[in-house]
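Scroll down for the structure; my scribbles are underneath it.
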Amino acid sequence: MRNKIVIMRVALKYLAILCLLLPVSASERRSRVNLTEMLQNPAVLRRMSLMWDYPPTALYLYGDGRLILQAYQVIPDDPDDPYLIENRGGLVPTCQTKIGVDDIRAIIGLMVDKRFFDLPEKNFEYVTAAYPQRKLELHTIAVDNGKEMANRTFGVGEFFGKTESLPPDFAIIENALEKMRDSAFPPHHRPCGVAAAVRFGK
């Protein structure tokens, strides 16, 4: 009887993980914001905010020129559980600067060129992400136009025996954001200080 209870608990645990990681419904997956409008209307661009989340770090880009890089602590979890939980509260390591509007437009223009919201969707209802020693790492790019927000999330690694990788066009956008990050915040100058954790889309 005791063995049956243990087996049931393990089964329920992995069922819960599976439910968290299943793709969201089709209507939610098709959510998007108008990126072209941001290039055509300076007022819309100024309201824009973008998040590139690649745990345990996130880069935030704002239409007014603000660029923020933050790193997050990790709450240790069950060593047998393949996922880790990020702690996004309080003060966190932070770098901040301002960039030009042309750099912002270049990122949005690249996303338009690569048809960002038409990428093969693997958007997961999942708020935690794995680290290199784990099997799966989730990368998210989200855009908020001041009225609505949409994002795309892709996994790198292995998920339930299936190899996950970034679509090439998503990787190209990430590479552009990475160059922006490293130009603004050279690795040997990090961390720059501490600040309150950004609450994206709030």
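The values are calculated or read from the model by the stated rules, or taken from the named source; none is laboratory data. Quantities reported herein were computed from a predicted structural model and do not represent experimental measurements. With ideal geometry, Cβ positions are generated from the backbone for all residues, glycine too; neighbour counts draw on all protein chains shown.
Note on segment 133-176: residues that are surrounded by 15 or more Cβ atoms within 10 Å (Cβ to Cβ), among the aromatic types (Phe, Trp, Tyr) and more than 21 Å from Val33 (Cβ to Cβ) amount to 1. Could you check, for segment 72-95, whether at least one of its residues is modelled with pLDDT of 90 or more and of a type outside the set (A, V, I, L, M, F, W, C)? Yes: segment 72-95 contains one or more residues that are modelled with pLDDT of 90 or more and of a type outside the set (A, V, I, L, M, F, W, C).
Selection over segment 144-168 of residues that are in contact with an Asp or Glu (Cβ under 9 Å, 6 or more places away or on another chain) and of a type in the set (Asp, Glu) gives a count of 2.
Looking at segment 165-185, is at least one residue at positive phi and in a loop (DSSP other than H, G, I, E, B)?
no
Just one of the listed residues (Asn151, Asn123) is closer than 30 Å to Gly100 by Cβ and either within 13 Å of the chain's Cα centre (by Cα) or at pLDDT below 95 (or both), namely Asn151.
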